[in-house]
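Peer 1: Just passing along the structure, written as structure tokens.
Please treat every number below as a calculation from the coordinates, not as lab data. All values derive from a computational prediction rather than experimental measurement. For neighbour counting, all protein chains shown are included, and Cβ atoms are generated from backbone atoms with ideal geometry for every residue, glycine included.
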Amino acid sequence: MERSVDPAPDPDPDLILRPRPASPLREVRDERFAAHGVRLLLKRDDLVHPELPGNKWRKLAPNLRAAVAGGYPELVTFGGAYSNHLRATAAAGRLLGLATVGIVRGDELAGRPLNDSLARCAADGMRLHFVTRSAYRDKAGLPALAGAEGAYVIPEGGSNALALHGCAELGRELSGACDVAAVACGTGGTLAGLAAGLGAGQRAVGVPVVGGGFLEAEIRSLQTAAFGGPAGDWSLAEGYAHGGYARVPAELARFAADFESRHGLPVERIYVAKLLWALLDLTRGGAFPRGTTLAAVVTGRP
Ligand SMILES: *Cc1c(COP(=O)(O)O)cnc(C)c1O
């Protein structure tokens, strides 16, 4: 029998351009948190959109609306070979019926078979343009070199001022529902927007999945671009990168599998598992007073 790849579904711009209902918020009963008087809620942002999970949808939606309103012929963006952001942009382009160009870090990948993530991008119609790691550092000239002059440019990771406004909506959905809202951070764009959307008396905690301590300044400058200055009450909980980006030590994998079996939801390993681990560790260390309601944002799915 022949194997065949499922054909990509037809474009459906409404799935991108229309506002979406709030993602579900549900309490999980976890005695490890309860023992410290902490209620744990899961904000299931992985369910906010059928094709673009979680924060990728939040960040892209306002950019996609701007690209359509501006009459741009295509979208161009940047990412590594396993980038969730590239995948989400490719899916969005297919739904909108807009061409997409993905500029991929690492020209050594160009001659090789595509990994699953890039194959999905290509199946959604994204034109992939591979560049060397050094060329990738200076992004400004890359769209023209990739033949995407005149395209709507979305930055690496999707975090720009419009993206922060999209993520502020996530904060507004949590307004009044928790004391602390927590989210894993890559570029920090989601935390920056989320914090701005929370109500009075609420605060946001970000858990960086990469070490290095450069995020705080980055988040401040993103907020200045989006809101004209600092917005909301937020802080970072450092020390939970588990060895670096995309590193998943066995202990973390076991923790994630155990969380899945306790609570019956898939736990994405690169961001969400590190967030949940950090929240349990902070809870055990007394970071949250008894009576705290904690909302963990599930930003994506495996
Ligand atoms: C991209 C991504 C993040 C990081 O979001 P930033 O806004 O870049 O901090 C978090 N979780 C998941 C599942 C992601 O795919």
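Peer 1: Can you order the peptides 107-117, 216-226, 290-300, 79-89 by their average number of other Cβ atoms within 10 Å per residue, highest first? Before the final figure, lay out each step's value.
Peer 2: On the way: 107-117: 11.8, 216-226: 17.5, 290-300: 20.5, 79-89: 23.2.
Packing order, densest peptide first, comes out as 79-89, 290-300, 216-226, 107-117.
Peer 1: So what's the angle, to the nearest 10 degrees on a 0 to 90 scale, between helix 272-284 and the longest Cα principal axis of the chain?
Peer 2: That helix lies at roughly 20 degrees to the long axis.
Peer 1: When Lys and Arg each count +1 and Asp and Glu each count -1, what net charge do the other residues less than 14 Å away from Ala181, Cβ to Cβ, add up to? Before the final figure, lay out each step's value.
Peer 2: Numbers: positive: Arg39, Lys43, Arg44, Arg58, Arg172, Arg203; negative: Asp45, Glu169, Glu173, Asp179, Asp233.
Net charge in that neighbourhood comes out at +1.
Peer 1: Rank by packing, highest mean first: peptides 34-45, 192-203, 260-271, with packing defined as the count of other Cβ atoms within 10 Å averaged across residues. Walk me through the intermediate numbers first.
Peer 2: Working: 34-45: 19.2, 192-203: 21.6, 260-271: 16.1.
So the order, starting with the most tightly packed, is 192-203, 34-45, 260-271.
Peer 1: Could you tell me how far the Cα centroid of the range 151-205 sits from the Cα centroid of the range 237-302, in Å?
Peer 2: 18 Å
Peer 1: If r is the Cβ-Cβ distance from Ala69 to Ala123 and R0 is 22 Å, what FRET efficiency results, to the nearest 0.05?
Peer 2: Numbers: r = 27 Å, r/R0 = 1.24.
After rounding to 0.05, the efficiency reads 0.20.
Peer 1: Of the DSSP beta bridges with both residues in the range 20-158, give the percent that are antiparallel, rounding to the nearest 5.
Peer 2: Numbers: 4 of 18 bridges.
About 20 percent, rounded to the nearest 5.
Peer 1: Rounded to the nearest angstrom and ordered from largest down, what semi-axes does the equivalent ellipsoid of the chain get from its C-alpha gyration tensor (root of 5λ)?
Peer 2: Details: eigenvalues 207, 91, 73 Å².
Each semi-axis is √(5λ); the values are 32, 21, 19 Å.
Peer 1: Once the Cβ-Cβ distance between Glu218 and Ala177 is put in as r, and R0 is 22 Å, what FRET efficiency do you end up with, to the nearest 0.05?
Peer 2: Efficiency, rounded to the nearest 0.05: 0.20.
Peer 1: Which one, Leu96, Gly125, Leu275, is farthest towards the positive end of the dipole of the chain when Lys and Arg carry +1 and Asp and Glu -1 on their Cβ?
Peer 2: So the residue furthest toward the plus end is Leu275.
Peer 1: Return the Cα extents of the range 200-302 along principal axes one, two and three, sorted largest first, each rounded to a whole Å.
Peer 2: 43, 33, 24
Peer 1: By how many nm would the segment from Ala22 to His263 grow when fully extended, if each residue of separation counts as 0.36 nm and the alpha-carbon distance is taken off? Let's see the in-between values first.
Peer 2: Values: separation 241, 0.36 × 241 = 86.76 nm, distance 2.12 nm.
Between Ala22 and His263, full extension yields an extra 84.6 nm.
Peer 1: May I ask what percent, to the nearest 5, of DSSP beta bridges between residues of the chain are antiparallel?
Peer 2: On the way: 4 of 35 bridges.
About 10 percent, rounded to the nearest 5.
Peer 1: Direction-averaged shadow area of the convex hull around the Cα atoms of the range 241-285, nm²?
Peer 2: Convex hull of Cα atoms, orientation-averaged projection: 3.0 nm².
Peer 1: Let me ask something additional. Evaluate the Debye formula for the range 1-160 with equal point scatterers sitting on the alpha carbons, no solvent, and hand back log10 of I(q)/I(0) at q = 0.10, 0.11, 0.18 Å⁻¹, in q order, two decimals.
Peer 2: The computed values of log10 I(q)/I(0) come out as -0.43, -0.51, -1.06.
Peer 1: May I pose another question? Of all the C-alpha pairs in the range 73-150, what % are more than 15 Å from each other? Provide the component values of the computation, followed by the final result.
Peer 2: Numbers: 1455 of 3003 pairs.
Every Cα pair in the range 73-150 considered, those over 15 Å come to 48 percent.
Peer 1: Could I ask something else about it? Taking every pair of Cα atoms in the range 101-230, average 1/r, invert it to obtain the Kirkwood radius, and report Rg/Rh to two decimals.
Peer 2: On the way: Rg = 17.5 Å, Rh = 16.7 Å.
With Rh from the inverse mean 1/r over Cα pairs, Rg/Rh is 1.05.
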